[in-house]
Amino acid sequence: MTRWHLAHGRHLDIGAESLLMGILNITPDSFSDGGEFDRPEPALQQARRMIGEGAAIIDVGGESTRPGAGAVSAREEQSRILPVIEALSSDGGTLVSVDTYRAETARLAVAAGAHIVNDVHGLQREPDIAHVAAETGAGLVIMHTGRGREKLADVIADQFL
């Protein structure tokens, strides 16, 4: 078993059992929920429902990653996610992940209580996000993404181009 040390003195034991991550898209154009949870109160209700159903981690995102989605400003992303992250982290037990590629959003999210930074763009947009994770002690998830470049058969080699 591996112990992954996270922000705020928390940790995640990997290998002992499978864990569920609940995805909470706080966007009006979410492809997974149709924008149903685009305000703090419905988003918190959904997060708490997922926790009740067994989610060990809630991944909070404020910018849609669906193909063709328009970008939102950092300020808009932060206004969507920070109140929800603060409320979830004050609830206690559940780990909170922030889905962002922006270093400043990640820094603010960890300060608000997030334990993990989940960069779905694989450090391609703002590589400084890795420094934020290191400085804050947050876990860092780096998703493999082949968007915008030729894909190789070897996923590991593809990430290091």
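The values are calculated or read from the model by the stated rules, or taken from the named source; none is laboratory data. Remember, it's a predicted structure, so these values are computed and weren't measured experimentally. For neighbour counting, all protein chains shown are included, and Cβ atoms are generated from backbone atoms with ideal geometry for every residue, glycine included.
Only one entry in A47, A109, A43, A114 is within 18 Å of I142 (Cβ to Cβ) and either in a helix (DSSP H, G or I) or in contact with a Pro (Cβ under 8 Å, 6 or more places away or on another chain) (or both), namely A109.
Does E63 fit the bill of being at pLDDT 90 or above and over 11 Å from the mean Cα position of the chain (by Cα)? Give the steps one after another, and end with the answer.
Working: at pLDDT 90 or above: yes; over 11 Å from the mean Cα position of the chain (by Cα): no.
Spelling it out, it is not the case that E63 is at pLDDT 90 or above and over 11 Å from the mean Cα position of the chain (by Cα).
For segment 96-117, a residue qualifies if it is in contact with a Lys or Arg (Cβ under 6 Å, 6 or more places away or on another chain) and at positive phi, but none of them does. Close contacts from segment 1-29, counting a first residue that is in contact (Cβ under 8 Å) with a residue 24 or more places away in the chain and a second that is surrounded by 14 or more Cβ atoms within 10 Å (Cβ to Cβ) and hydroxyl-bearing (S, T, Y), with Cβ to Cβ under 8 Å and a gap of 6+ residues or different chains, come to A7/T136; H8/S89; M21/S97; N25/S64; T27/S64; D29/S64. Of all residues in segment 61-99, those satisfying the criterion of being surrounded by 14 or more Cβ atoms within 10 Å (Cβ to Cβ) and among the hydrophobic types (A, V, I, L, M, F, W, C) are V72, A74, I81, L82, V84, I85, A87, L88, L95, V96, V98.
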